[in-house]
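The values are calculated or read from the model by the stated rules, or taken from the named source; none is laboratory data. Since the structure is predicted, the reported quantities are computational estimates derived from the model, not experimental observations. Cβ placement follows ideal geometry from the backbone for every residue including glycine, while neighbour counts extend to all protein chains displayed.
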Amino acid sequence: MDKKGIAFILLALVMGSLAAGGVYLYLKGAPVAEAQAVETVPVIVASKDLTFGTTLKDEHLRVVDFPKSAVPSGHFSSVDSVLSQTTKVFVVDGEPILASKLSSMGGGLSVRIPPEMRAMSLKVNEVTGVSGFVLPGDRVDVMVTIDNADGSSNNAVTRTILQDVEVLASGVKTETKNNQHVDVQTVTVIVDPDGAEKMALAVDQGSVHLALRNPVDREVTEGGSMDTRTVLGLRTERKAAPAPVRTAPAVTKKEPVPVDNSFTVIRDGKIMKQESPVKDKQD
């Protein structure tokens, strides 16, 4: 191989190396330049799943850098700005803590109760509480069964007293019964003041059951009541008393009243009674 060929090969190798090096440096520097161009903002997010009514502490929060263009409205950038405030809704791990999700008025269930409404709790079991499937956010009907409600013995009456009420909370609490700890299932619902009075009376006087509704079924129907005799088919309709038979009053035959055809004549100061000439003609 002559010198010109060797020089050409060397020149090609040098040019290829320079081109490869330039491409490598460009690709290496491009992501760095792009990352530096994105401006971020610190946003406070939940560090774990939080239920509503949780008073926020340091252990519930962490800071995450969000792209400035993706920062949600109502966010917080400092942990101190949300401490001691209370969540009004469920918040999942990594979800931004927003002003619309917090309440500074207190904790617990009270922040979830709408104005002019009330929260009422009742004990349920696997039967009355739909086998534990009643969860916060569900909607239920409330029924009560009362024994001897109509004053007759051995006749229980069941009636739906509330319809389409929202379940605020459900869970298990521990009570002491006969010196033993017993787990009791409770359900808390949101009702108006009139509904709260109905529930208080139902819990005191009878047995309360819940009927789970489809979430899209919001219709309130006109309900009646059901009793033991009707369920067992023992109730018979009372027969109406037969209408009294009215008879026409008896007609008594009256004897003909004799007709007096005589008339009185006064002549020469004397009063005389004389028969009518018409009678003579009839006779």
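A few comments on the model shown:
- Just one of the listed residues (Leu56, Leu98) is outside the structural domain of Ala169 (by TED's automatic domain parsing), closer than 26 Å to Leu168 by Cβ and touching a residue at least 40 places away in the same chain (Cβ under 8 Å), namely Leu56.
- Residue pairs meeting the criteria (Cβ under 8 Å; at least 6 apart or on separate chains; first of a type in the set (Lys, Arg), in segment 23-50; second at pLDDT 90 or above and not in a helix (DSSP H, G or I)): Lys48/Asp93
- With respect to the conditions (1) of a type in the set (Val, Ile, Thr); (2) within 16 Å of Asp147 (Cα to Cα); (3) modelled with pLDDT of 90 or more, Val191 lacks only one, and its number is (2).
- Test: residue in segment 149-156 that is modelled with pLDDT under 90, more than 30 Å from Glu116 (Cβ to Cβ), in a strand (DSSP E or B) and out of contact with any helix residue (DSSP H, G or I) (no Cβ under 6 Å at 6 or more places or on another chain): no
Here's the yes/no breakdown for (1) in a loop (DSSP other than H, G, I, E, B); (2) closer than 29 Å to Arg213 by Cα; (3) at pLDDT 90 or above; (4) within 18 Å of the chain's Cα centre (by Cα):
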site	(1), (2), (3), (4)
Pro42	no, no, yes, no
Glu59	no, no, yes, no
Met105	yes, no, no, no
Ser131	no, yes, no, no
Gly137	yes, yes, no, yes
Asp141	no, yes, yes, yes
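- Close pairs (6 angstrom Cβ cut-off, 6 or more residues apart or separate chains): part of a strand (DSSP E or B) in segment 180-198, at pLDDT below 95 and loosely packed, with under 14 Cβ neighbours inside 10 Å anywhere: His181/Thr174; Val182/Glu175; Asp183/Val172; Asp183/Thr174; Val184/Lys173; Val184/Glu175; Gln185/Val172; Thr186/Lys173
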